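Structure record follows, encoded as structure tokens.
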Protein chains: 2
Amino acid sequence: MLVDTIIGMIAAVLTTSSFIPQIFKAYRSKSMDDVSPYLMLLFIAGASMWLVYGIFKADPVIIVANILALAFNMTLLLMKLIYSRRRYGRSSSIHAQ
Amino acid sequence: MLVDTIIGMIAAVLTTSSFIPQIFKAYRSKSMDDVSPYLMLLFIAGASMWLVYGIFKADPVIIVANILALAFNMTLLLMKLIYSRRRYGRSSSIHAQ
């Protein structure tokens, strides 16, 4: 395996896994008030494009990393929705930055 | 310009810019209690590796996107440090997940 492929794989693991501690933290505290929903929304849009890019390039590292990044960010967005509603009732909106 | 290059550029702009609304939100609220520092730490580590990867591949999109991602995440980590100390005093640690 080439050195650049190994570096790319380590990079993909690190950036993708960065959302895991955020999921655990939010699950424990049941609060995501300080987390902007636009972080997840833009990342979901971006990871979707990276996924298309990975399919174009037939690059399995980019494909797998971005499927995981999509799953993690969708989880966080859903948690944000659930915890906001639980706290402030249905009038609270995810659109509030 | 090839279609895959355009898709990659859009992807890079989206994932990199996703941290900007989080910076604005944190600046306004002066609170980042719900944001895990490991999100930024892992992303900084990952973006550093992507930067090395981009230099290896001589890919300006990957290089520029990850320099910006590094800057945004370092800014967020610094803001988290400053706001934690301001709120809880010096005993509060960034290491608390």
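The values are calculated or read from the model by the stated rules, or taken from the named source; none is laboratory data. All figures in this text were calculated on a predicted structure; none of them were measured in a lab. Cβ sites come from the backbone with ideal geometry, for glycine too, and all protein chains shown count toward neighbours. Just the protein is used for accessible areas: all its heavy atoms, side chains included, with ligands, DNA and RNA removed. Shrake-Rupley method; radii C 1.70, N 1.55, O 1.52, S 1.80 Å.
For the stretch B:28-78 and the stretch A:1-29, write down the distance between their C-alpha centroids in whole Å.
Cα centres, the stretch B:28-78 to the stretch A:1-29: 12 Å.
Among A:Lys57/B:Lys57; A:Lys25/B:Lys57; A:Lys80/B:Lys80, which pairs are too far apart, with a Cα-Cα distance over 25 Å?
On the way: A:Lys57/B:Lys57 14 Å; A:Lys25/B:Lys57 36 Å; A:Lys80/B:Lys80 19 Å.
Check vs 25 Å cut-off fails for A:Lys25/B:Lys57.
Specify the residue with the greatest mean-square fluctuation among B:Ala71, B:Ala47, B:Ala58, computed from a Gaussian network of chain B linking alpha-carbon atoms under 10 Å apart.
Fluctuation is largest for B:Ala58.
If the elastic network links every pair of Cα atoms under 10 Å, which of B:Met32, B:Met49, B:Met74 fluctuates the most in the Gaussian network model of chain B?
B:Met49
FRET efficiency for B:Val61 and A:Ile55, Cβ-Cβ distance as r, R0 = 25 Å, nearest 0.05?
So the FRET efficiency works out to roughly 0.90.
Can you pull out the buried accessible area for chains A and B, both sides counted, probe 1.4 Å, rounded to the nearest 100 Å²? Don't skip to the end; give the middle numbers.
Details: alone 6770 and 6800 Å², together 9960 Å².
So the total buried area for this chain pair works out to about 3600 Å².
Name the trypsin sites (Lys or Arg not before Pro) in the stretch A:1-64 that are in a loop by DSSP and that have at most 13 other C-beta atoms within 10 Å, would you?
Answer by residue number: A:Lys30.
Rounded, prolate or oblate: pick one for the protein assembly as shown, where a ≥ b ≥ c are the square roots of the eigenvalues of its C-alpha gyration tensor, a/c under 1.5 means rounded, and failing that, prolate if a/b is larger than b/c, else oblate.
Working: a/c = 2.08, a/b = 1.56, b/c = 1.33.
Cα axes put the protein assembly as shown in the prolate bin.
Under a no-solvent Debye model with one identical scatterer per Cα of the stretch B:3-88, what's log10 I(q)/I(0) at q = 0.11, 0.18, 0.24 Å⁻¹?
The calculated log intensity ratios at q = 0.11, 0.18, 0.24 Å⁻¹ are -0.34, -0.76, -1.11.
Relative contact order, percent, of chain B when contacts are C-alpha pairs under 8 Å separated by at least 6 residues? Please list the in-between numbers first.
Numbers: 79 pairs, mean separation 34.2, N = 97.
Relative contact order comes out at 35 percent.
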